[in-house]
Each structure stands twice: as C-alpha cells, then as structure tokens.
Amino acid sequence: MSLLITDECINCDVCEPECPNEAIYQGDSIYEIDPNKCTECVGHYDAPQCVEVCPVDCIPLGIEETQEQLMDRYLQLTGQKG
C-alpha cells in the first residue's frame, strides 16, 4: 500500500511538485496518490517528501510495504529493473 491523502487535504498544491515519481495528482476533490507510482520516496530521499511539506498532516505514514517492496517499485519505475 502506498501513502494515502485523506479528506483533510486543503488542496494547497505543495505536495504534487515534491513527488519524485509524479505519483500525486489532483483528484475530483482532493489530491490523490497513484499507488503504482508511490515508493514513499525510497530510492530518492530518506523520508516521504509529501509528508514533510504537508501543512495539515493529511498523509498518514501507515506503511504496509517493506523497504524491499518499495525499492523494487523504484527500480521498475526508473527502468533499472525489467
């Protein structure tokens, strides 16, 4: 499971440009995260950048994937793994 943006999102636009995988996009009413692109910034940063910049803490860390699973997704997204 990737990170999730809750309905507490205020559409402040700060999270979207911070995502190195372009996993965050404007949904119908709030920003959303594409779980197929989210690596929780593994491979890019030590911490999820969207969580770091969110002013209302609407992106819970509820991590249910291992670091290995996230790294595998990162490698696939960056073309380092077939």
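The values are calculated or read from the model by the stated rules, or taken from the named source; none is laboratory data. Keep in mind it's a predicted model, so treat the numbers as computed, not measured. Positions of Cβ are backbone-derived with ideal geometry, glycine not excepted, and every protein chain shown enters the neighbour counts. All accessible areas refer to the heavy atoms of the entire protein, side chains included, with ligands and DNA or RNA removed. Shrake-Rupley method; radii C 1.70, N 1.55, O 1.52, S 1.80 Å.
Listing for the model above:
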item	result
When residues of region 44-82 are limited to those that are of a type in the set (D, E, K, R) and not in a helix (DSSP H, G or I), the one least open to solvent (accessible area, probe 1.4 Å)	Glu65
Test: residue in region 31-43 that is on the phi > 0 side of the Ramachandran plot and either surrounded by 22 or more Cβ atoms within 10 Å (Cβ to Cβ) or not in a loop (DSSP other than H, G, I, E, B) (or both)	yes
Near pairs, Cβ below 9 angstrom, 6+ apart or cross-chain, from region 65-82 (more than 12 Å from Cys41 (Cβ to Cβ)) to any residue that is open to solvent by less than 80 Å² (accessible area, probe 1.4 Å) and modelled with pLDDT under 90	Glu65/Ser2
Given (1) touching a residue at least 40 places away in the same chain (Cβ under 8 Å); (2) surrounded by 11 or more Cβ atoms within 10 Å (Cβ to Cβ), number of the condition Ala23 does not satisfy	(1)
Qualifying residue in region 55-75 (condition: β-branched (Val, Ile, Thr), at pLDDT below 95 and out of contact with any helix residue (DSSP H, G or I) (no Cβ under 6 Å at 6 or more places or on another chain))	yes
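Residue-wise test of (1) over 11 Å from Ser2 (Cβ atoms); (2) among the aliphatic types (A, V, I, L, M).
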| residue | (1), (2) |
| --- | --- |
| Ala23 | no, yes |
| Gly27 | yes, no |
| Ile30 | yes, yes |
| Pro48 | no, no |
| Pro55 | yes, no |
| Pro60 | yes, no |
| Thr78 | yes, no |
